[in-house]
Amino acid sequence: MKKWKKSLAGLLSAAMLLGLLAACDSGEKPSEGPDTPDPSGTPVIVDEEYPITPEELGSGEVKWSEEKTADGWMKVTNDGGETLGYSPDSGVNLMQVGGYAFKDLNKNGKLDLYEDWRQEDAVRAKNLSNLLEKDEIIPLMAVSINISMGGTSGKLSDDQKSVISAGITQVQGGSTLNIRDSVAWVNEAQSYAEAQKYGIPVQLYSDPYTSTNKAENVASFPNNLMLGATFDPSIAEEMGAYLSKVYRAVGIGTLLGPQVDLTTEPRWSRAIDTFGEDPALNRDMSQAATNGHQSNYTADGTDIGWGVDSVNAMVKHWPSDGAAQSGREAHNSTGKFQVYPGDNFSALLVPFTDGVLNLNGNTKTATAVMPSYSIAWSKDESMGELVGSAFSEYKNKLLRSYGFDGVICSDWEILASGNSPFGKPWGVENITEAERAYKALKAGVDQFGGQSDLAPIEAGYQMLADDIGEDVALSQIRESARRILYNNFNIGYFENAYLNTQESIATINDKNAATAAFKAQIKSIVMLKNDDAIFSRSDSEKLTVYIPLVYSNGHAALPIELTTLNKYFNVITDTLSDTMTGEPDSDGNPTYAYTDIIRVSESELATCDFAIVFARFPQNDSSGYDNTIGKYVPITLQYNDYVANSEYVRKESIAGDLVDVEIETPYGLQTTKAQENASYYGNVGTVNNKTDLDMITYVVDNMPDNAKIIVVENVEANHGSIGQMIFSEFETQVDAILVGFGADYEAFLDILDGKVEPSALLPLQMPANMETVEAQYEDVPRDMECYVDSAGNTYDFGFGLNWSGVIQDERTEKYCVPPLTEPVTKPVQ
């Protein structure tokens with residue numbers, strides 16, 4: 001970040017030389033500087049004559065000025081140097097050295113190395129980590145969930161103050177407040193943190209979001225799978241840069257993303273959080289998005305590296321979490337295992353090793369990595385002990401072997417018990433929380449996500465010290481502190497972590513960002529089928545269209561406001577019965593049943609030029625387990641009930657927990673341990689939105705023969721959605737199909753009205769049937785028989801239509817080749 005330092009190379013070199021000469025004259029060995037390399041690759045030599053003495057304070061011609069901002073904090077402008085921010089209530093004073101202003105964060109009246117913004121970030125982080133004692137380091141190793149700004153009305157609560165007072169400054173952020181209250185809360189939190197011993201700023205961590213009421217932003221950004229469908233890394237980089245400005249506008253400094261897992265298992269419920277199933281496409285898209293998140297750019301688009309618009313990217317989930325057994329998600333105990341029947345573990349590393357850990361931008365590498373919850377299954381433990389990734393020495397050493405020197409932060413709440421609502425200590429359920437912390441520390445974890453209680457980490461550290469020695473253990477967590485602190489220095493938090501309300505409002509309401517985001521959404525929509533139903537048209541005459549109400553969980557509505565739809569079409573739609581016959585909701589209130597929808601009459605349908613049916617991909621319970629019957633059930637990609645009894649269904653699961661079983665012996669029934677069979681053979685998979693197919697069927701059965709039927713299939717834009725489905729249930733009966741991967745429904749309208757030509761491509765295969773889903777391997781991309789439609793088109797990876805037909809361009813030429821099987825990057829240690 002410190003380009004200013006390079007302009008003072010002569011001044012600093014002279015100072016270093018004087019320091020070395022002084023050391024030689026005194027008979028001391030000259031300092032060789034820190035043993036931590038500067039992440040930029042530039043060798044660092046440091047004058048170790050720190051702290052700068054009081055006699056040097058006030059030296060030099062004044063090259064700074066300050067003013068009080070409208071938000072109450074002091075803004076300090078250094079001529080040609082860093083801009084500082086501090087609170088007049090924090091007890092921090094300014095120091096002048098060489099004419100420039102610096103913050104006395106530890107209030108000792110001296111300029112310490114870590115306070116000197118002329119030094120490189122890596123040097124400052126190492127210096128501060130060496131100043132910290134064990135009890136000051138451990139709080140940095142917890143990302144607390146007890147300090148969210150939600151519900152605080154812009155005020156820092158006493159409980160939140162106690163968290164910061166305990167030294168916990170790395171916290172999960174996100175706000176339900178309006179932007180003004182969010183800014184006020186962040187500034188108060190930073191002022192309170194600045195008043196603590198070392199003035200370490202609060203850093204907020206946040207899951208990715210694309211549109212939110214958390215900050216009232218006007219833009220609705222595409223999710224990762226939508227970006228994948230564009231097959232255009234430049235769009236991913238542009239969206240990453242815009243999003244990071246939004247994050248910084250509400251005080252977020254670390255993004256818990258991008259998620260770069262490969263969706264090699266079609267039933268896995270995290271598809272929309274990924275860039276798809278192809279290693280090369282995922283590599284390029286994730287690399288571009290991470291560049292966008294971490295770098296700053298000049299007006300002409302030049303990447304200038306770290307700056308005030310940067311956020312740290314905590315990429316996830318090492319070493320990829322998409323090879324989920326039978327598609328079950330690892331947030332559930334039933335989905336704790338990753339399986340590799342195709343022996344394809346290495347291919348899943350590509351987006352990490354060749355992508356986000358080897359950026360082509362100026363920040364060089366993602367600064368943090370989140371290991372997965374899941375267990376890499378192998379009977380011989382060739383992929384390490386059968387424990388969750390944060391507890392796995394094999395996985396974390398593998399990550400470090402690629403030269404990664406950033407933060408390894410566990411996924412959230414891995415220390416809590418598995419029977420708690422959030423605990424996910426897979427593979428180590430039978431040991432204490434302290435023992436789990438010890439195991440994770442020994443495996444190389446730097447930080448514990450979602451961990452508000454320090455006691456288990458403290459006890460785990462003591463176990464580590466007893467095991468490897470106090471000096472070695474302390475050295476290890478000092479390294480963790482260095483990495484964590486670097487991720488505060490690199491984004492400028494130690495200089496200025498305060499927010500300006502008006503600047504935040506302007507960022508949140510950036511119309512250019514909103515326009516770019518909406519165009520990107522449109523570019524993510526794939527046209528799969530088009531039998532003269534959707535075509536380019538420039539006339540302004542509005543066509544008459546039937547759009548049925550969509551039923552969902554006791555409600556029925558249009559997916560888009562009628563006033564918006566009427567700007568494009570003359571809309572005819574359904575009505576609702578005056579009587580609500582659905583099951584009462586959790587509060588006992590009446591709800592609608594699907595049969596309460598009164599579909600339009602045959603005579604009304606006769607007036608329509610065409611119908612647009614807005615449907616959703618089949619929706620499952622991602623656990624793959626039915627608690628009511630106590631059995632595993634198949635996750636299905638079709639609307640109709642699926643009976644899992646084909647020859648391709650495994651009768652014995654690959655992986656399973658060790659469970660108690662009773663066996664008959666000559667001595668009677670004996671209890672022993674055996675691997676659980678997590679097979680669902682013969683069981684039935686159901687979806688909770690089968691009425692979407694009923695809706696399509698109604699339209700097919702009742703529309704006039706000369707009217708076109710267009711089906712819009714969209715993935716529900718929520719955390720945990722399947723991105724693949726089977727189209728054989730209705731494709732032959734409709735005239736056109738558009739697919740969105742979580743797009744706002746408004747983004748479909750310009751394509752449907754013929755104003756914008758579709759250009760997106762499938763980032764995932766669409767299977768022919770459930771048999772090919774069962775036959776594919778969880779760890780192998782693009783290994784399914786794909787659906788062939790009535791026009792003879794195959795819904796394979798990279799397929800899409802425009803007005804002229806099947807798209808064949810430089811994107812398909814580059815990516816529609818056999819998938820990669822291993823990284824190009826090799827371990828360096």
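The values are calculated or read from the model by the stated rules, or taken from the named source; none is laboratory data. As the structure is a computational prediction, the values presented were derived from the model and not from experiment. So basically every Cβ, Gly included, is an ideal-geometry build from the backbone, and we count neighbours across all protein chains shown. To get the accessible areas, we keep the full protein, side chains included, count just its heavy atoms, and leave off ligands, DNA and RNA. Shrake-Rupley method; radii C 1.70, N 1.55, O 1.52, S 1.80 Å.
Here are the numbers for the structure shown:
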read-out	value
Single residue of Ala556, Ala533, Ala615 found to be in contact with a Leu (Cβ under 7 Å, 6 or more places away or on another chain) and either within 16 Å of Ile696 (Cβ to Cβ) or modelled with pLDDT under 95 (or both)	Ala556
Candidates Leu132, Leu105, filtered to the one that is under 33 Å from the mean Cα position of the chain (by Cα), under 16 Å from Tyr86 (Cβ atoms) and of a type outside the set (Phe, Trp, Tyr)	Leu105
The range 419-439 residues that are modelled with pLDDT of 95 or more, paired with ones that are open to solvent by 50 Å² or more (accessible area, probe 1.4 Å) and in a helix (DSSP H, G or I) (beta carbon under 6 Å, 6 or more apart)	Tyr438/Met463
Conditions (1) at pLDDT 95 or above; (2) open to solvent by 50 Å² or more (accessible area, probe 1.4 Å); (3) touching a strand residue (DSSP E or B) at 6+ places or on another chain (Cβ under 7 Å): number failed by Leu669	(1)
Qualifying residue in the range 395-405 (condition: under 27 Å from Ser623 (Cα atoms) and either crowded, with 20+ Cβ neighbours inside 10 Å or hydroxyl-bearing (Ser, Thr, Tyr) (or both))	yes
Options Glu277, Glu265; residue that is open to solvent by less than 10 Å² (accessible area, probe 1.4 Å) and either in contact with a Ser or Thr (Cβ under 7 Å, 6 or more places away or on another chain) or within 27 Å of Gln451 (Cβ to Cβ) (or both)	Glu277
Spans of helices (runs of 4 or more DSSP H) in the range 434-512 with at least 2 residues of a type outside the set (Val, Ile, Thr), farther than 19 Å from Gly423 by Cα and within 26 Å of the chain's Cα centre (by Cα)	470-489, 501-508
Test: residue in the range 359-372 that is on the phi > 0 side of the Ramachandran plot, in contact with a strand residue (DSSP E or B) (Cβ under 8 Å, 6 or more places away or on another chain) and not small (Gly, Ala, Ser)	no
Lone qualifier among Glu785, Glu810 - being closer than 28 Å to Ser346 by Cβ and in contact with a helix residue (DSSP H, G or I) (Cβ under 9 Å, 6 or more places away or on another chain)	Glu785
Output for the range 135-154, where each listed residue is assigned to a loop (DSSP other than H, G, I, E, B) and either closer than 18 Å to Tyr86 by Cα or touching a helix residue (DSSP H, G or I) at 6+ places or on another chain (Cβ under 7 Å) (or both)	Asn146, Ile147, Met149, Thr152, Ser153, Gly154
Criterion: without any contact (Cβ under 8 Å) to a residue 60 or more places away in the chain and either crowded, with 17+ Cβ neighbours inside 10 Å or closer than 21 Å to Tyr745 by Cα (or both) - qualifying residue of Lys519, Lys529	Lys519
Filtered residues of the range 76-103 (kept if in contact (Cβ under 8 Å) with a residue 60 or more places away in the chain and under 15 Å from Ser191 (Cβ atoms))	Leu84, Gly85, Tyr86, Ser87, Asp89, Ser90, Gly91, Val92, Lys103
Residue in the range 123-132 that is outside any helix (DSSP H, G or I) and open to solvent by 10 Å² or more (accessible area, probe 1.4 Å) present	no
Number of the exception - Ala736 against (1) open to solvent by less than 30 Å² (accessible area, probe 1.4 Å); (2) modelled with pLDDT under 95; (3) among the small types (Gly, Ala, Ser)	(2)
The one condition in (1) in contact with a strand residue (DSSP E or B) (Cβ under 7 Å, 6 or more places away or on another chain); (2) surrounded by 24 or more Cβ atoms within 10 Å (Cβ to Cβ); (3) part of a helix (DSSP H, G or I) that Pro351 fails to fulfil	(1)
Single residue of Ser346, Ser417 found to be part of a helix (DSSP H, G or I) and surrounded by fewer than 24 Cβ atoms within 10 Å (Cβ to Cβ)	Ser346
The range 684-733: number of residues that are under 21 Å from Lys529 (Cβ atoms) and not in a loop (DSSP other than H, G, I, E, B)	21
Residue match in the range 748-758 (condition: buried (at least 21 other Cβ atoms within 10 Å of the Cβ), in contact (Cβ under 8 Å) with a residue 12 or more places away in the chain, in contact with a helix residue (DSSP H, G or I) (Cβ under 7 Å, 6 or more places away or on another chain) and more than 15 Å from Phe614 (Cβ to Cβ))	yes
Criterion (buried (at least 17 other Cβ atoms within 10 Å of the Cβ) and modelled with pLDDT of 95 or more) met by exactly one of Ser653, Ser623, Ser577	Ser653
Top-ranked residue in the range 799-817 [being among the β-branched types (Val, Ile, Thr) and buried (at least 17 other Cβ atoms within 10 Å of the Cβ); ranked as nearest to Glu757 (Cα to Cα)]	Ile807
Of all residues in the range 218-252 being over 14 Å from Asp273 (Cα atoms) and of a type in the set (S, T, N, Q), the one that is surrounded by the fewest Cβ atoms within 10 Å (Cβ to Cβ)	Ser234
Members of the range 98-110 that are of a type in the set (A, V, I, L, M, F, W, C) and either assigned to a loop (DSSP other than H, G, I, E, B) or at pLDDT below 95 (or both)	Leu105
Close pairs from the range 729-742: first at positive phi, partner open to solvent by 10 Å² or more (accessible area, probe 1.4 Å), Cβ under 6 Å, at least 6 apart	Gly742/Asn223; Gly742/Ala717
Cβ pairs under 9 Å, 6+ apart, first in the range 685-699 and more than 17 Å from Pro634 (Cβ to Cβ), second open to solvent by 10 Å² or more (accessible area, probe 1.4 Å) and assigned to a helix (DSSP H, G or I)	Thr691/Tyr594; Asp694/Tyr594; Met695/Tyr594; Ile696/Gln733; Thr697/Gln733
The range 782-805 residues that are under 13 Å from Gln765 (Cα atoms), paired with ones that are among the charged types (D, E, K, R) and open to solvent by 50 Å² or more (accessible area, probe 1.4 Å) (beta carbon under 7 Å, 6 or more apart)	Cys786/Asp796; Phe797/Arg782
Evaluation of Glu413 against (1) more than 19 Å from the chain's Cα centre (by Cα); (2) more than 23 Å from Leu658 (Cβ to Cβ); (3) not β-branched (Val, Ile, Thr) (one fails), failing number	(1)
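Residues checked against (1) open to solvent by 30 Å² or more (accessible area, probe 1.4 Å); (2) at pLDDT below 95:
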| residue | (1), (2) |
| --- | --- |
| Ala15 | yes, yes |
| Glu28 | yes, yes |
| Val46 | no, yes |
| Glu49 | yes, yes |
| Gly58 | yes, yes |
| Val76 | no, no |
| Gly91 | yes, no |
